[in-house]
Amino acid sequence: MVDHSLSAKFAEIETSFEEVEAQLGDPEVLSDPSKLAELGKRHSDMKDVVADIQSWRQASKDLVEAKEMSDDPDFAAMASDLEEEIQALEEKIKVALVPKDPNDEKDVIMEVRSAAGGDEASIWAGDLLRMYQKYVESLGYRMEMMESSESETGGYDKAIVNIKGRGAWSKLKYEGGVHRVQRVPKTESQGRVHTSTATVAVLPEAEEVDIEIDPNDVKVDTYRSTGPGGQSVNTTDSAVRLTHVPTGIVVSMQDEKSQLQNKDKAFRVLRARLLQAEQEKAAAELAGARKSQVGTGERSEKIRTYNYKDNRVTDHRIGLTIKRLDAVLEGALDEFVDALAAAEQAEKLAEGGS
C-alpha cells in the first residue's frame, strides 16, 4: 500500500527540483554568477534524492502489480523483495532530507583547558591535545597553535588551536565537554588511581562574511607578553587584548612576537565566539554557550571517560565503550564520531516526526 502522505511530500520535492532546473535555463540566471552558483548547488543537492524518489515510485507501482498476482509464488517473492526495497528507499530519502548543519564545512577553533585534578589535569589536557593532533593529521587537516599556557609540570593549563580542513566542524563538533581520565599519575608514588578532568570547547570558525564586527565596538589594549611567574618576555607591547563592548567578550593573544599577528589571531577567535553566540542565541556573551559544553569541569560531569587500567574509553552520551584506549589516544576517534553522528541523525529524524 502506497503511503499517500509520503507520496505528496515527495511530489513537492520533485516540483521544487523541476523549478530549479527551469531557472537554470533562464538567461537572467545565466548572467548572474552568484545566483547560478546557488541554484547549481541546490540542483546538485537534490539530484540524487529525486532519483531515489523516482525509483521509489516505480517500485511502488511494481508492488501493486505483483500483489495482484500474488497467487503465483514467483510474484509473491517479488512482492516481498519490492517491499524491502521500498522501505530501504524511504529510509534513505528521509535521511537525505534531514537539514544539514550549516557549520559542517567550517574550520574549527578548539579550546582545551585543565580542570579538576591539579598538575595531573594539566598533563591530561596535553594528552588530549596530542590525541586531537593525531586525529586531525589522519583526516588530512592542519592544526595551528593560537594561544597556549604550558604548566610547569608538563601539559597545558590552556591551549587554543585552529583546525583547518573541509568538514572540520562535522568531525570535531561532538568533542565539546568534560573529558575525564582515571589513571595512576606519574607523580603518584603510592600507585593509586586518580580521577582528573580537562574541558574541551569547540567553535566553528567564522568568516568575515559570517560576522561583521564594527571596529567602534572593539576596545584594543596592548601590553608586554608575560611568561611563567609573570615576568616580561619581550621589550615591546606585542600582546593584544580585545574587548567586544556590546557583549563583554574578551580575547587575549600573546604568542606571536608581532602585535599585528596577535591582533589578527585575536580577531579570528573573537569572530568565532560571536558567531557561536549568535547561532545559539546566547545574546549577551559566549560564556553561557561555552558553559553548556564544558560545565564546571568537575569530576562528576563528563561526556567521556578514559580508563587506563581497563584500557577502555566510554562515551556516556551514547553508552558506547571501546576497549582500545591506546588506539584512541593515538587519534582513532572515528568509531566515536560516526556513532555520535548516527545518533544525532536518528534524533533529527525522530524530531521531524518521520
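The values are calculated or read from the model by the stated rules, or taken from the named source; none is laboratory data. Small disclaimer: the values here were computed from a predicted structure and weren't measured. Glycine also receives a Cβ, built like all others from the backbone with ideal geometry; neighbour counts cover every protein chain displayed.
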For this session: Please specify each residue of region 200-232 satisfying the condition of being at pLDDT below 85, in contact with a Leu (Cβ under 8 Å, 6 or more places away or on another chain) and surrounded by fewer than 19 Cβ atoms within 10 Å (Cβ to Cβ).
Result: D210, I211, I213
Problem set entry | Tabulated pairs, region 177-198, first farther than 15 Å from H316 by Cα, second charged (D, E, K, R) and in a strand (DSSP E or B), C-beta under 8 angstrom, 6+ apart or interchain | V193/R183; H194/R183; T195/R180; S196/R180; A198/R113
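Among the helices (runs of 4 or more DSSP H) confined wholly to region 1-88, which include 2 or more residues that are farther than 27 Å from P99 by Cα?
Working: elements: 4-24, 27-30, 33-68.
Fully inside region 1-88 and qualifying: 27-30, 33-68.
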Problem set entry | Condition check for R166: at pLDDT 85 or above, surrounded by 15 or more Cβ atoms within 10 Å (Cβ to Cβ) and either under 30 Å from D101 (Cβ atoms) or among the hydrophobic types (A, V, I, L, M, F, W, C) (or both) | no
Exercise. How about region 124-158: which of its residues are within 26 Å of R317 (Cβ to Cβ), among the aliphatic types (A, V, I, L, M) and surrounded by fewer than 23 Cβ atoms within 10 Å (Cβ to Cβ)?
Worked result: L129, M131, L139, M143
Exercise. In this structure, is V112 surrounded by 14 or more Cβ atoms within 10 Å (Cβ to Cβ) and in the same structural domain as A346 (by TED's automatic domain parsing)?
Worked result: yes
Seminar exercise, completed: Selection from region 86-111 of residues modelled with pLDDT under 85 and of a type outside the set (A, V, I, L, M) yields E90, E91, K92, K94, P99, K100, D101, P102, N103, D104, E105
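With the condition being among the hydroxyl-bearing types (S, T, Y), I'd like the strands (runs of 3 or more DSSP E) fully within region 107-194 carrying at least 1 qualifying residues. Write out each step before concluding.
Working: elements: 108-114, 142-150, 156-164, 177-183.
It comes to 108-114, 142-150, 156-164.
If you check T247, T197, which single one turns out to be at negative phi, of a type in the set (V, I, T) and modelled with pLDDT of 90 or more? First the steps, then the outcome.
Values: T247 fails: modelled with pLDDT of 90 or more.
None of the other options fit; the residue is T197.
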Exercise. Can we say S354 is of a type in the set (S, T, Y), modelled with pLDDT under 85 and over 30 Å from L89 (Cα atoms)?
Worked result: no
Exercise. Pairs under 6 Å by beta carbon, first residue on the phi < 0 side of the Ramachandran plot in region 129-157, partner basic (K, R), six or more apart or different chains?
Worked result: R142/K164; M146/K265; S149/K158
Exercise. In region 66-92, how many residues are surrounded by 15 or more Cβ atoms within 10 Å (Cβ to Cβ) and among the small types (G, A, S)?
Worked result: 2
Exercise. Hey, does region 299-316 have a residue that's modelled with pLDDT of 90 or more and acidic (D, E)?
Worked result: yes
Problem set entry | Within region 63-121, tally of residues that are of a type in the set (K, R) and either free of Cβ contacts under 8 Å to residues at least 12 places away in the same chain or farther than 30 Å from A198 by Cβ (or both) | 4
Problem set entry | Options S60, S80, S114, S55: the member that is small (G, A, S) and either touching a Lys or Arg at 6+ places or on another chain (Cβ under 9 Å) or modelled with pLDDT under 85 (or both) | S114
